[in-house]
Amino acid sequence: MDNDFFVLEQDGSGLAQLRLDRPQRLNALAPGFFSALRDAVVALDEAGRTRVLVISSTGRHFSAGMALEVFAGELALLDTSSARRRLAFQDGLRRLMRCLDVLEEASFPVICAVQGGCIGGALDLAAACDIRLASADAFFTVQEIHIGMAADLGVLQRLPRLVPPGVARQMAYTGERVDAARALAIGLVNAVLPDADALHAHALELARQIAGKSPLAIAGSKRALNYARDHGVAESLQQMTLLQSAIFDIDEMQRAIAGWKAKADPGFEPLAPTTGG
């Protein structure tokens, strides 16, 4: 998929890598980035072959956040001068949100490897991923508060489910920089690595561990975890009853057990492809 924002690579094991690739612009998120990301993730999901996606970057920073041209008026959706324009603003903003929602909705886990700054809209992106890793020089900030707006692409909704609510509120209200060590302490990231090279190697190793598991069981686990995050225990157990009845597969389990005992690749079949909605 050709675009000016990232490079997407896949291998035969089901591991996909998406690297933000505008280092000269600090990987700022231009308007076209969001639809390109959405289309890439949806295409991977519909094909059914991807077992895990690693999102990383090039250059000094993961991403400086939303590109300045967005706020310079390039997007018509920023106009709220009339009732009709406000309605269009709502519709346009929801479409932007949807571009990050696909990271949660994909059947495969998404690992976000952050080096340097993860600023503003980039934190919205990272918060929508399953797992976040960081280099020692990484930092995270809700930048939007500094320019007089509330963050609006999902970080305010997802961050309180990742870190203690009081910490999420302090980040949202102050825009303070949370360095890698504190991000690890509050649970925002799973690991901190010495530098970008070590970060990338760790992300790929974790991705390979996930890719070696049953894609059916991984997809079911992700659905169950996402549902449980947003519902009570009783509802979640009922959902798990229905979900497990749909994905329970004795042949898949026998294959997994045989591979585990033999310390060999079980040779799992990919998920079935789906058609776009």
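Each reported figure results from applying straightforward, stated rules to the coordinates on display, with no laboratory input. Predicted model only: the values in this text are computed from it and were never measured. Note: ideal-geometry Cβ built from the backbone for every residue, glycine included; neighbour counts use all protein chains shown.
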For the stretch 110-125, just list the computed ³J(HN,Hα) in residue order, Karplus coefficients 6.51, -1.76 and 1.60, θ = phi - 60°, integers in Hz, with x standing in for Gly and Pro.
10, 9, 10, 9, 9, 10, x, x, 10, 10, x, x, 5, 6, 4, 5
First select every other residue whose beta carbon is under 13 angstrom from the beta carbon of Ala88; then total the charges, Lys and Arg +1, Asp and Glu -1.
+3
Which whole-number percentage describes the relative contact order of the stretch 162-277, with Cα contacts under 8 Å and a sequence gap of 6 or more?
19
Taking the Cα centroid of the stretch 190-237 and of the stretch 131-188, what is the distance between the two, rounded to the nearest whole Å?
20
Tell me what the chain gives for mean residue ellipticity at 222 nm when only DSSP H runs of n ≥ 4 count, each as -39,500 (n - 2.57), the sum divided by the residue total, rounded to 500 deg cm²/dmol.
-14500 deg cm²/dmol
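Using DSSP to call loops (not H, G, I, E or B), can you name the trypsin sites (Lys or Arg not before Pro) in the stretch 198-277 whose Cβ has at most 13 other Cβ atoms within 10 angstrom? Don't jump to the answer; show the numbers that get you there.
Details: sites: Arg208, Lys213, Lys222, Arg223, Arg229, Arg255, Lys261, Lys263; in loops: Lys213, Lys263.
For trypsin sites (Lys or Arg not before Pro) across the stretch 198-277 that sit outside H, G, I, E and B with at most 13 neighbouring Cβ atoms in 10 Å, the list reads Lys263.
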The farthest towards the positive end of the charge dipole of the chain, of the residues Leu44, Gly59, Phe108, given +1 on Cβ of Lys and Arg and -1 on Cβ of Asp and Glu, is Phe108
For Leu15, distant residues with modelled amide H under 5 Å away
Arg51
Testing the spin-label approximation: label points 7 Å from Cα along Cα→Cβ at Met149 and Gln24. State their distance in nm.
2.6
On a 0 to 90° scale, report how tilted helix 233-247 is relative to the longest principal axis of the chain, with both axes built from alpha carbons and the result rounded to the nearest 10.
50
If one takes the longest principal axis of the Cα atoms in the chain, at what angle in degrees, from 0 to 90 and to the nearest 10, does the Cα axis of helix 196-211 lie?
40
Using θ = phi - 60° and the Karplus relation 6.51 cos²θ - 1.76 cosθ + 1.60, list the HN-Hα couplings for the stretch 39-52 in order, rounded to whole Hz, with x at every Gly or Pro.
5, 5, 5, 4, 5, 4, 5, 5, 5, x, 8, 7, 9, 7
To the nearest 10 degrees, the tilt of helix 165-174 (Cα long axis) against the first principal axis of the alpha carbons of the chain is 30
Rounded to the nearest angstrom and ordered from largest down, what semi-axes does the equivalent ellipsoid of the chain get from its C-alpha gyration tensor (root of 5λ)?
32, 22, 19
Out of all Cα-Cα pairs in the stretch 215-262, roughly what percent, to the nearest whole number, are more than 16 Å apart?
45
